[in-house]
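The structure under discussion appears below in the form of structure tokens.
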Amino acid sequence: MVFLKKRGFFILFFSLLITFFLILTSVSVLGLGVSPGKVVLRFIPNYEYEREVCFSTYKIAHLQLNVTGDLAEYITLPQEEMIGGGCITYKLKMPASFEKPGRHEGVVMAKEVSEDVTGAIFALVRVGHRVIIEVPYPGKYIEIRYFRAENVDAGEVVPFLVEFESKGNQSIESVYGLIYVYDKDEKLIGSIRTNTVENIEPGDIKYLRASWDSGVYREGNYHAFLDLVYDGLRNNATASFKLGGLDVSLVDYSKEIIIGGIKEFYLRVDSIWSEVIPNLKANVSVFNYSFSQNPLTSFETLTRVLPAWGTETIMGYLDTSKLNLGEFDLRIKLFFANLTKEYEGKFSIVEPPPEPEPEKPSIFSRIFTIKTFIIILVILLLVMLIILVRALLPKKKRLG
């Protein structure tokens, strides 16, 4: 009897373990991965390239393989489908030339497919390995990868950094940049020249640097324009930066609120200081100046911490029952570090949008879902438990 009870216990344990595994796999049934995610190649006419790519799954799945994108005609797969995860080696045969320079891309795609109760095949999930070919531009061509300016306190020196890449098929003798600095009103307030880089070969990635002394200019938002000059040719880019001080700036707020009850009202606030502002909040008053100078309603937002150089959203709640449809005037006061800053603006109270028509569920979703699958497994587990309990209980002796 003890042996039977132990055997029943182990049967029960493994039954629970198997059921848990089935539930777990039913939740993660759509897991699919790829490695590597992408490969970037420089164009070589008629070059032949081979690469192994591996697809991983959380279960034994039916995967269909294909290639999409403008490189699809140049990529050959060893097979069109596979069962479960695994690796394949595809072949890429580059053409003699491309009509357009720049980036050309293809995707080696694996999609998990299944069959519904009607026999129709549909895709569950898909993942792709990107193949990218960089085709050089004819002659000399510089692409600016990024143009950056650091935020500094007002009066300090602003460093600029430019990263560029030669994407033409000819060498370049020299590259330098002219940087023009503007304030928020688009007024030119300074100009500087970067260092010069010489003897740039196709595919080279190089850097330019410059510094601008902000001098007497106050805290606020500024931007710079880069004029990149190379062997008589040009390219350009822009970058924004801040001169810091104990100040904030209102960059956005709710422009439309749907009528009906109490609604959220957001404000986006930008820090122009190199330290944390711990106690930012706002007071918002709503007016209709055409009829009265007295506010129709007002509210105060929650208090937020504004990180150094950061941007945060502060939320408040507007009671629309005191307002009608139409446009209204706003007075927004920002409170921070014992300071106050005031803005004027407008916003509208609007009607709610029409409700979208509900989408009809597919045959598969009506008949079978993951939730349904889990419910069925739980029912099966209960049935198994009842059977095991009945098997383990001692049977009564029959009366003779």
Residue pairs within 9 Å by beta carbon, gap of at least six or interchain, first lying in region 148-161 and over 12 Å from residue 209 (Cα atoms), second acidic (Asp, Glu), listed first then second, are 153/219; 154/219; 155/213; 156/213; 157/213
Considering region 143-186 alone, what residues qualify as being surrounded by 15 or more Cβ atoms within 10 Å (Cβ to Cβ), closer than 16 Å to residue 201 by Cβ, touching a strand residue (DSSP E or B) at 6+ places or on another chain (Cβ under 6 Å) and not basic (Lys, Arg)?
143, 164, 165, 166, 168, 172, 175
Write out, first by first residue and then by second, each pair whose Cβ atoms fall under 6 Å of each other, whose residues are 6+ apart or on separate chains, and whose first residue, in region 54-73, is among the hydroxyl-bearing types (Ser, Thr, Tyr) while the second is in a strand (DSSP E or B).
56/33; 57/32; 68/107; 68/109
Log entry, pairs with first residue in region 325-344 being within 14 Å of residue 284 (Cβ to Cβ), second being of a type in the set (Phe, Trp, Tyr), beta carbons closer than 7 Å, six or more apart or on different chains, reads 328/287; 328/347; 329/287; 329/289; 330/347; 331/287; 332/253; 332/343
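Taking residue 25 as the residue in question, decide whether it is outside the structural domain of residue 130 (by TED's automatic domain parsing), surrounded by 15 or more Cβ atoms within 10 Å (Cβ to Cβ) and at pLDDT below 55.
no
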Single condition residue 292 does not satisfy, out of (1) surrounded by 15 or more Cβ atoms within 10 Å (Cβ to Cβ); (2) free of Cβ contacts under 8 Å to residues at least 12 places away in the same chain:
(1)
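Yes/no matrix, rows are residues, columns are (1) closer than 30 Å to residue 344 by Cβ; (2) in contact with an Asp or Glu (Cβ under 8 Å, 6 or more places away or on another chain); (3) charged (D, E, K, R):
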position: 195; (1), (2), (3): no, no, no
position: 198; (1), (2), (3): no, yes, yes
position: 206; (1), (2), (3): no, yes, yes
position: 212; (1), (2), (3): no, no, no
position: 224; (1), (2), (3): yes, no, no
position: 228; (1), (2), (3): no, no, no
position: 241; (1), (2), (3): yes, yes, no
In region 187-205, which residues are surrounded by fewer than 16 Cβ atoms within 10 Å (Cβ to Cβ) and hydrophobic (A, V, I, L, M, F, W, C)?
188, 189, 205
Quick check on region 191-198. Is at least one of its residues in a strand (DSSP E or B), more than 30 Å from residue 250 (Cα to Cα) and among the acidic types (Asp, Glu)?
yes
Would you point out the residue of region 50-104, among those that are touching a helix residue (DSSP H, G or I) at 6+ places or on another chain (Cβ under 8 Å) and not in a strand (DSSP E or B), that is surrounded by the most Cβ atoms within 10 Å (Cβ to Cβ)?
94
Looking at (1) exposed (fewer than 15 other Cβ atoms within 10 Å of the Cβ); (2) over 20 Å from residue 252 (Cβ atoms), find the lone condition where residue 302 falls short.
(2)
Give the residues of region 205-252 that are among the basic types (Lys, Arg) and closer than 25 Å to residue 271 by Cα, sorted by residue number.
218, 242
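The values are calculated or read from the model by the stated rules, or taken from the named source; none is laboratory data. Only a predicted model underlies this, so the values are computations on that prediction, with no experimental measurement involved. So basically every Cβ, Gly included, is an ideal-geometry build from the backbone, and we count neighbours across all protein chains shown.
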